[in-house]
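Scroll down for the structure; my scribbles are underneath it.
The values are calculated or read from the model by the stated rules, or taken from the named source; none is laboratory data. Only a predicted model underlies this, so the values are computations on that prediction, with no experimental measurement involved. Here the Cβ is made from the backbone with ideal geometry for all residues, glycine too, and neighbour counts use every protein chain on show. SASA here: full protein model, heavy atoms, side chains in, ligands and nucleic acids out. Shrake-Rupley method; radii C 1.70, N 1.55, O 1.52, S 1.80 Å.
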Amino acid sequence: MNTDLKAKFTGALLGSAIGDALGAPVEGYSMEKVKAVYGEGEMKAGRYTDDTEMMIGVAESLIANRGFNGADMALRFILNYDATRRYGPGSKEVLGRIHAGESWREASKQIFGGEGSYGNGAAMRIAPVGIFYCDNAELLREIAYKSSHITHSHVLGKEGAALQAYSIALALHGHKADMPSRLKGFVKDVSFKNIALAKEYCTIGTTNDVYKEKLSKLEQLLGKQTAKAELITELGTGEAAFDSVPTAIYSFIHANSFKDAVMYAIRLGGDTDTIGAMTGAISGAYYGEAAIPGAWLDNLEEGAKGRSYIKRLGAELYRIKIQTS
Ligand code: R7I
Ligand code: MG
Ligand code: MG
C-alpha cells in the first residue's frame with residue numbers, strides 16, 4: 001500500500017462520478033445524436049445521477065461499518081434518494097418497498113415477475129467495493145453479490161456487478177492488456193433461467209455463459225480495428241448489466257488515457273451515464289486521480305455530497321484499508 005494507491009482509490013470514485021455526469025445529458029441518445037452534443041469532450045452540466053448517488057451510499061456504508069452491512073446500506077440508499085437523479089424503475093420500486101417496511105433481503109425478489117432485476121444498477125455503484133476488496137477476489141465477489149442484492153436479485157445483475165468490481169480491482173493493480181483473460185478466469189457460468197428472455201435481451205443471443213461469451217467477443221473486438229457500430233451490436237449499450245459492463249471494460253482497455261476512455265464510452269450512445277460511470281471507475285483506478293482532466297473535476301457538482309465529499313470517501317476507504325490490512 002502506498003500513496004499512489006490512495007490516488008487510485010480517489011480516482012476510482014471521482015472517475016465514476018465524472019463519467020456519470022458527462023454521460024447524463026445524453027443518456028438514451030443514439031451515437032449520432034451524442035456526436036451533435038459533444039464535440040471535443042467538454043463537460044456540459046456536471047450534475048450526477050442515481051449512479052453516483054448510490055455509489056456514495058455504498059461508500060458511506062462500507063466506511064461506517066468497516067465492511068458490508070446490508071440493512072445499513074439499504075437505509076443509506078433510502079436516505080440519499082433524490083428522485084430528480086433519475087433512478088431505474090426497478091430500483092425505485094425496491095427502495096420504495098424497503099422504505100415501506102419490507103426486508104432488504106426480500107424486496108428485490110418481488111420485481112420483474114419474481115426474477116429480480118438484471119439491470120446495471122448494481123454494477124454502476126460498485127466502485128467502492130472494487131477498491132476496498134481489491135486484494136481478495138472471492139470476498140470481492142461475495143460483497144458485490146450482497147450489495148447488489150439490496151436492489152438486484154437476478155444472478156446476471158449480481159455477476160455483472162462482480163465483474164465490474166473485479167475490473168476495478170485489476171485496474172488498481174495495473175492490469176490492462178491481460179485484463180480480459182483474468183476476467184474470464186473470474187466470471188461464473190451464469191445461465192438465464194428463461195431462454196426466451198436470453199434471446200430477447202442478450203445481444204449475442206446466447207443462453208448461458210453470458211459473461212464468458214461477452215468477454216471472448218470483447219477480446220476478438222480488441223484484436224482488430226472495430227467500428228463503433230459493430231461494438232454497439234456485439235457488446236451492447238443497454239441498461240442490462242450484460243449489455244453495458246463488458247462495453248465499459250472494452251472502452252477502458254481500448255483507450256490510452258482517462259479522458260479518451262470515458263469519451264469513447266459516452267460517444268457510443270445508449271446508457272451513457274452508466275457506461276461512462278463504469279468506464280470512469282475502472283480508468284480512475286488504473287490512471288489515478290491526477291489523470292482526470294482538471295476542467296472535468298472543476299465542473300463536477302460541489303455541495304454537501306459533491307466532488308470534495310466523494311474524494312473524501314475515497315481517502316477514507318483507503319485509510320481504513322491500510323489500517324486493516
Ligand atoms: O438497474 P437499475 O437500477 O437501472 C439503472 C439504470 C441506469 O441507466 C441509471 O442511470 C438509471 O437511468 O437506470 O433499474 P432496473 O429497472 O432494475 O433495471 C433497468 C432496466 O433493465 C429495466 O427498466 C428493464 O428494462 C431492464 N430489466 C429487465 N427487464 C426484464 N426482465 C432489468 N431486469 C429485468 C428483468 O428481469
Ligand atoms: Mg443514471
Ligand atoms: Mg444510466
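In debye to the nearest 20, how big a dipole does the chain give about its Cα centre with +1 on each Lys and Arg Cβ and -1 on each Asp and Glu Cβ?
It works out to roughly 380 debye.
What's the carbon and sulfur percent of the chain's accessible surface, probe 1.4 angstrom, rounded to a whole number?
It is 50 percent, rounded to a whole number.
Per 5 Å bin, what percent of the C-alpha pairs of region 264-324 does each bin hold, from zero upward?
With 5 Å bins starting at 0, P(r) equals 4, 15, 18, 28, 20, 10, 4, 2, 0.
Going by the alpha-carbon gyration tensor, a ≥ b ≥ c the square roots of its eigenvalues, is the chain rounded (a/c under 1.5) or, if a/c is not under 1.5, prolate (a/b greater than b/c) versus oblate?
Rounded is the answer for the chain, as its axis ratio a/c remains below 1.5.
Can you bin region 206-325 into rounded, prolate or oblate? Criterion: square roots of the alpha carbon gyration tensor eigenvalues sorted a ≥ b ≥ c, rounded for a/c under 1.5, prolate for a/b above b/c, oblate for the rest.
Here region 206-325 falls in the prolate category.
Only helices at least 24 Å long along their own axis, judged from Cα atoms, and with Kyte-Doolittle mean hydropathy of -0.5 or greater: name those in the chain from DSSP H.
Span-like helices here: 3-23, 155-172.
Relative contact order, percent, of region 1-109 when contacts are C-alpha pairs under 8 Å separated by at least 6 residues?
21 percent
Let me have the 222 nm mean residue ellipticity of the chain computed from DSSP H runs of 4+ only, each contributing -39500 (n - 2.57), with the sum over all residues rounded to the nearest 500.
It comes out at -19000 deg cm²/dmol, rounded to the nearest 500.
What is the projected area of the convex hull of the Cα atoms of region 1-90, averaged over all directions, in nm²?
Spelled out: convex hull of the Cα atoms, projected over all directions, averaged, 7.9 nm².
In nm, give the distance between the simple-model label positions of Arg86 and Lys35, each being 7 Å from the Cα along the Cα-to-Cβ direction.
2.2 nm
Taking only protein heavy atoms into account and a 1.4 Å probe, give the accessible area per residue of the chain in Å².
Here the residues of the chain average 37 Å² of exposed surface.
If you average the sequence gap of Cα pairs under 8 Å that are 6 or more apart and divide by the length of region 3-324, what percent do you get for the contact order?
It comes to 32 percent, rounded to a whole number.
Sticking with the crude label model, points 7 Å out along Cα→Cβ, report the distance from Ala295 to Asp178 in nm, one decimal please.
In this crude spin-label approximation the distance works out to 3.8 nm.
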